[in-house]
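Read through the structure below, which is laid out as structure tokens, and then see the notes.
The values are calculated or read from the model by the stated rules, or taken from the named source; none is laboratory data. What you are looking at is a predicted structure, and each value in this text was computed from that prediction instead of being measured. As a convention, Cβ positions derive from the backbone with ideal geometry for all residues, glycine included, and neighbour counts pool all protein chains shown.
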Amino acid sequence: MANYGYGVDVGGTAVKLGRFTSDGKLVEKWSISTDITDSGANVLADIADTIKENISANSLSRNQLLGVGIGFPGTAYKDGTASAVNIGWDRIPLISTLEGLLGLQVKCLNDANAAALGEMWAGSGKGFEDLLMVTLGTGVGGGVIIGGRLLIGAHCAGGEIGHIPIEPAETRQCNCGSYGCFEQYASATGNVRLANDILASTDEPSTLRSFPQLSSKICWDQALAGDKVALQIAERFCYYLGRGLAAAVNAIDPQVVLIGGGVSKTGQPLIDMTEKYFRAFAFPACRDIPLRLATLGNDAGIYGCVYSLMQ
């Protein structure tokens, strides 16, 4: 009989779930709302309930199931506890709780780490054992895989490249409490901040001024349409992205860098504009490391969560 595993990707508004075969085929996927009331106390029970319903609906026996891998935007500690500010979790006993509810093996991991594993298993990182996965969203997430295994780190903070300090003159504080972090410039949020700063510094006409509220997508759409100020913003964004990637690559020397997250939907122009800065800042031995777009999109996390069950 085929073995199945469940991948779970917990976000601030929705929980994405998928059932996979052990050879990496996504059989079905669905989502439920994330109940963040009462400090997220109901999230694990809701996940257990929907998985139990799926097991029952498909007449699966326990010996057919590999277990459940769960990723989330926070810290997965080695003792099976988890913290996630956006969910409301403050060092909750995630693994023991979910294993008790389901009677199945449970693995938990940071969502960017899950995406890295997913891309290595079934995406644009297939065939590589040493890679850096970067997710450009509200912040900058990172996952590092060395020798086919995740770099977790002594304090479970391996891959937190979003907080590499790259701008010592910054006076505005990052969410982590520090200043000048990579994600303050190379995230979707950082993209908008750069846009507002540059627009405020010039009187040059720009289509961007006609939008009541900017987004990273709007900035890139206008840049690709030829707006001069938007192109200036894009260049500055890619300068910071290339600089931050080079800093990370100089430390870990991967075979490939994968770029995912919402900003990556800009596509190849993002890669093309970033490469020149990346190569300028990278250590000579690392300058030819390829930058690639991730290919699994929003499914990368659930793929990686299932793959974690096999490690």
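Observations, loosely collected:
- Residue check for THR21: among the polar types (S, T, N, Q) and surrounded by 15 or more Cβ atoms within 10 Å (Cβ to Cβ): no
- Conditions (1) within 19 Å of the chain's Cα centre (by Cα); (2) in a helix (DSSP H, G or I); number of the one not met by ALA230: (1)
- Test: residue in the stretch 172-179 that is crowded, with 16+ Cβ neighbours inside 10 Å and within 22 Å of THR75 (Cα to Cα): yes
- Under the condition of being in contact with a Ser or Thr (Cβ under 7 Å, 6 or more places away or on another chain) and modelled with pLDDT of 95 or more, the residues counted in the stretch 145-164 number 1.
- Restricting attention to the stretch 93-115, the residues that are in contact (Cβ under 8 Å) with a residue 40 or more places away in the chain and surrounded by 21 or more Cβ atoms within 10 Å (Cβ to Cβ) total 11.
- The stretch 179-206, residues that are over 18 Å from ARG243 (Cα atoms) and in a loop (DSSP other than H, G, I, E, B): SER201, THR202, ASP203, GLU204, PRO205, SER206
- Scanning the stretch 261-290 for residues that are within 16 Å of the chain's Cα centre (by Cα) and hydrophobic (A, V, I, L, M, F, W, C) gives a single hit, VAL263.
- Checking each residue in the stretch 27-52 for being crowded, with 20+ Cβ neighbours inside 10 Å and either among the hydroxyl-bearing types (Ser, Thr, Tyr) or over 18 Å from CYS108 (Cα atoms) (or both) picks out only THR34.
- Residue match in the stretch 238-248 (condition: at pLDDT 95 or above, out of contact with any His (no Cβ under 9 Å at 6 or more places or on another chain) and over 17 Å from GLY142 (Cβ atoms)): yes
- Complete set of residues in the stretch 203-224 that are closer than 21 Å to SER187 by Cα and either small (Gly, Ala, Ser) or in contact with an Asp or Glu (Cβ under 8 Å, 6 or more places away or on another chain) (or both): LEU208, SER215, SER216, ALA223
- Residue tally, condition more than 22 Å from THR81 (Cα to Cα) and either crowded, with 24+ Cβ neighbours inside 10 Å or basic (Lys, Arg) (or both), over the stretch 146-160: 0
- Of everything listed in (1) within 19 Å of the chain's Cα centre (by Cα); (2) closer than 14 Å to TYR185 by Cα, the single unmet condition for LEU258 is (2).
- Any hit, the stretch 53-70, residues being surrounded by fewer than 20 Cβ atoms within 10 Å (Cβ to Cβ) and among the acidic types (Asp, Glu): yes
- The combined condition, being buried (at least 24 other Cβ atoms within 10 Å of the Cβ), within 20 Å of the chain's Cα centre (by Cα) and of a type in the set (Asp, Glu), is not fulfilled by GLU129.
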